[in-house]
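The values are calculated or read from the model by the stated rules, or taken from the named source; none is laboratory data. Everything numeric here is computed off the predicted structure, so don't read it as measured data. Ideal geometry is used to build each Cβ from the backbone, glycine not excepted, and the neighbour counts take in all protein chains shown. Just so you know, the surface numbers come from the protein's heavy atoms only, side chains and all, with ligands and any DNA or RNA stripped out. Shrake-Rupley method; radii C 1.70, N 1.55, O 1.52, S 1.80 Å.
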Amino acid sequence: MNKVKEPHIYVQFIIPAYFIFLISKFAIGDSIPGANALFTSLFVMMGYSALFLLLRRFTKGAIIPAFVSLLVFCVLFIVPFSENYRLVDFFLVFNYFGIALIPIFYTLNFKIYRLLAYLTICYFFFFIIKGTVPDEVFSISRNFISVVLLISVGFHIISATQNNRKPSPLILVLALFVAVWGVGRSGIFSFSVLLVLIPLLSNYKFLYKFLLISLILILSIYAYTYFADSIFYTALYRIENMGAEDVRETMNQEYLKTTFTSLSNIIFGTPLLDIESLAQVEYNPHNSFIRLHIFYGLFGFIIIICSIIYALIKYVKIGNYVFMVLLMVLLFRSSVDSTAFHGPLDPLIFYLLFMPLKNIKLVKR
């Protein structure tokens with residue numbers, strides 16, 4: 001399989017369009033009758049279009065189509081026995097594969113995805129300047145702010161790596177600034193790690209000067225939270241209450257306990273309605289690895305966990321520490337929220353899982 005160096009221009013805009021439809025679904029989908037279903041249909045359609053078109057381009061014996069087919073089989077195997085699937089889940093779970101395959105075949109245009117990252121940051125700065133409360137930006141939790149940032153910044157990092165360019169340090173600094181405004185601790189931690197490690201691993205010139213400036217900026221942001229409650233009022237509250245009891249731990253423990261009460265739960269995933277502690281959070285497990293189990297079943301869970309381990313080991317062996325760090329950050333962010341398997345971070349995660357498999361053949365000639 002040879003990567004196309006000069007793709008048709010429309011290919012470069014599939015991911016940005018998909019990204020815009022995704023944001024629109026949660027930004028205005030609930031305020032306009034029928035808009036939610038429309039935007040969902042649009043980004044699902046784009047994902048499936050890319051999936052069917054690109055799977056046909058693999059050469060005979062390529063392992064990625066086999067990997068995707070195996071995951072599809074795992075889903076189809078558990079659906080008749082699962083109580084967790086809605087009709088929309090069945091369509092959503094596969095569409096992310098199509099978006100993940102685009103960077104496998106095509107080199108993403110560095111300027112387009114750098115611009116996408118800046119536009120995303122400007123979108124949130126509009127709300128910051130306006131004085132909007134983070135909870136009012138999207139129809140779901142303010143934690144989605146850092147998810148949106150991770151998608152745009154993640155594709156910027158991928159496009160930079162593909163083009164032998166360096167990710168913009170300014171984008172990383174501004175993304176952390178927005179994450180602090182958005183309050184979510186996992187988002188702040190994720191972008192702090194990216195800000196420190198990505199420039200370090202990308203061999204920036206004047207690295208120490210850059211890190212010093214970044215550190216000053218970060219400290220200034222945190223200090224600013226104590227003097228500008230109109231913008232960051234919730235950040236101070238969350239920082240002061242970081243020792244509060246973590247409800248997620250209770251939900252995780254109850255899920256594991258209920259899972260091992262029957263063989264059916266282990267193989268097909270535990271019905272979320274059986275988890276009493278989830279009732280207070282509208283049966284959102286806030287853990288993508290629980291979602292991995294309930295949407296892919298035991299066999300899909302094992303396959304993806306093994307592929308994650310393989311990808312991390314492979315990135316270490318080939319020295320691609322930028323992708324290794326990006327994958328680990330995405331997995332961390334997914335471990336504390338319902339953002340993957342299936343979720344909006346899936347295109348990035350599956351791309352990073354597909355990459356080490358790109359040149360592996362099932363049949364050696």
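If we count every other residue with Cβ under 11 angstrom of ILE63's Cβ, Lys/Arg +1 and Asp/Glu -1, where does the sum land?
Neighbour charge sum, excluding ILE63 itself: +2.
For the range 23-81, the fraction of 1.4 Å probe accessible surface lying on carbon and sulfur atoms is 73 percent.
Ordering THR107, ASN84, PHE126 by Cα displacement along the dipole of the range 49-147 toward the positive end leaves THR107 in first place; charges were set at the Cβ atoms of Lys, Arg (+1) and Asp, Glu (-1). For the pair PHE332 and ILE313, the difference between a 0.36 nm per residue extended length and the Cα-Cα distance amounts to 5.1 nm. Potential lengthening of the chain between SER262 and ARG56 amounts to 70.1 nm, from the contour at 0.36 nm per residue minus the alpha-carbon distance. The 1.4 Å probe gives accessible areas that order SER264, SER338, largest first, as SER264, SER338.
Compared with the alpha-carbon gap, the fully stretched path from TYR123 to GLN162 is longer by 11.4 nm at 0.36 nm per residue. Taking all protein chains together and rolling a 1.4 Å probe, HIS286 ends up with roughly 40 Å² accessible.
Measuring with a 1.4 angstrom probe and ignoring ligands and nucleic acids, ILE128 comes out at about 10 Å² accessible.
Taking all Cα pairs closer than 8 Å and separated by 6 or more residues, the relative contact order of the range 112-210 comes to 30 percent.
What ranking of VAL193, VAL68 comes out by heavy-atom accessible area, probe 1.4 Å, highest first?
Order by accessible area, largest first: VAL193, VAL68.
Pairs from the list LYS257/LYS314; LYS166/LYS361; LYS166/LYS317; LYS130/LYS166; LYS60/LYS111; LYS166/LYS358 with a Cα-Cα gap above 25 Å: LYS257/LYS314; LYS166/LYS361; LYS130/LYS166; LYS60/LYS111.
Roughly how many debye, to the nearest 20, is the charge dipole of the range 19-90 about its Cα centre, given +1 on each Lys and Arg Cβ, -1 on each Asp and Glu Cβ, and no other charges?
Values: 5 positive and 3 negative charges, 80 e Å.
Result for the range 19-90 is approximately 380 debye, rounded to the nearest 20.
Protein-only accessible surface at a 1.4 angstrom probe places the residues LEU200, LEU195, LEU53, LEU312 in the order LEU53, LEU200, LEU312, LEU195, largest first. Using the Cβ-Cβ distance between LEU70 and LYS111 with R0 set to 35 Å, the FRET efficiency works out to roughly 0.45. For LEU200 and LEU273, the FRET efficiency from 1/(1 + (r/R0)^6), where r spans their Cβ atoms and R0 equals 51 Å, is about 0.65.
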